[in-house]
Amino acid sequence: MMDAESVNTLTQHRLQEAMVYYRWISREISPHLGREILEVGCGIGHLTGWLLSQGRVTATDVNPTYLQTVEEKYRDHLQLKEILIWDIGQNGPPNFAGSFDTIVCSNVLEHVENDEAVLRNFHPLLSPGGRLIIFVPALRILYNGLDRELGHFRRYQREDLSRKMEGNGFRIRHLNYFNLFGILGWFVNGTLLRKRLLSASQIRFFDKMVPLFVGVERIIPARVGLSLIAVGEKN
């Protein structure tokens, strides 16, 4: 049996096969980005490269090995401001206060037991009117062995995420479900088949299907989805 950190690391590397999927996420969040971006939980940089094309990026993670990978990929990029270790359960570095107009937190909040403390830690780092962009797994009913192996404490309902963000100083500007068709794969693999890890071949197949999913969701907006995207503006 692998621990959660090992499962996350293996999944991070397998998700390098899902670049079409990450471009989909990027298109969804792009209207909400500013120019001074703090990426928390950057992992091995699946979104970092795209964020660097949008603004000046400070990339953080709690895992030094991930940060080393990000540095090797992007250290010469002119838009990369800084790479550093930060445990988001703790207060941000003093020089972060009011320094960013955007925080991007993708597939991170579900790994933290006290997620509201994290939201409180984010708030002072944003300039007035700055935006917090959150991407998290959705729907409590889908919680299964895949989540447990990844170290997820929860999956989110719309009302849960909205309440927590508003209760910690953010006005909701955007909140929607994302990736309707991913629900089936997650349920079959994690609940019916009781798998603990998605295979590289499954991820590649899913990534090939993403253009179809995008087309359908443009016609029929997702009323539920495997994930939630939320954008909160600092009050």
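The values are calculated or read from the model by the stated rules, or taken from the named source; none is laboratory data. These numbers were taken from a predicted model, which means no experiment stands behind them. Here Cβ is always computed from backbone atoms with ideal geometry, including for glycine, and neighbour counts include all displayed protein chains.
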Among (1) in contact with a strand residue (DSSP E or B) (Cβ under 6 Å, 6 or more places away or on another chain); (2) touching a residue at least 60 places away in the same chain (Cβ under 8 Å); (3) not in a helix (DSSP H, G or I) - the single one MET2 does not satisfy: (1)
Of the residues ARG120, ARG163, ARG171, ARG131, which is part of a strand (DSSP E or B), of a type in the set (Lys, Arg) and more than 17 Å from the chain's Cα centre (by Cα)? ARG171
Residues that are among the hydrophobic types (A, V, I, L, M, F, W, C), out of contact with any helix residue (DSSP H, G or I) (no Cβ under 7 Å at 6 or more places or on another chain) and assigned to a helix (DSSP H, G or I), drawn from segment 134-160: ILE141
Restricting attention to segment 177-196, does a residue exist that is in a loop (DSSP other than H, G, I, E, B), among the hydroxyl-bearing types (Ser, Thr, Tyr) and out of contact with any Cys (no Cβ under 7 Å at 6 or more places or on another chain)? no
Which residues, counting only those in segment 115-169, are of a type in the set (A, V, I, L, M, F, W, C), surrounded by fewer than 22 Cβ atoms within 10 Å (Cβ to Cβ) and farther than 18 Å from VAL231 by Cβ? ALA117, LEU139, ILE141, LEU142, LEU150, PHE153
Looking only at residues that are surrounded by fewer than 18 Cβ atoms within 10 Å (Cβ to Cβ) and of a type in the set (A, V, I, L, M) in segment 215-235, which one is nearest to TYR143 (Cα to Cα)? VAL224
Let me confirm something: among LEU38, LEU67, LEU109, which residue is modelled with pLDDT of 95 or more and more than 27 Å from ASN176 (Cα to Cα)? LEU67
Report yes if ASP115 is in contact with a Phe, Trp or Tyr (Cβ under 8 Å, 6 or more places away or on another chain) and of a type outside the set (Gly, Ala, Ser), otherwise no. yes
Given SER201, SER162, which one is free of Cβ contacts under 8 Å to residues at least 40 places away in the same chain, at negative phi and of a type in the set (Ser, Thr, Tyr)? SER201
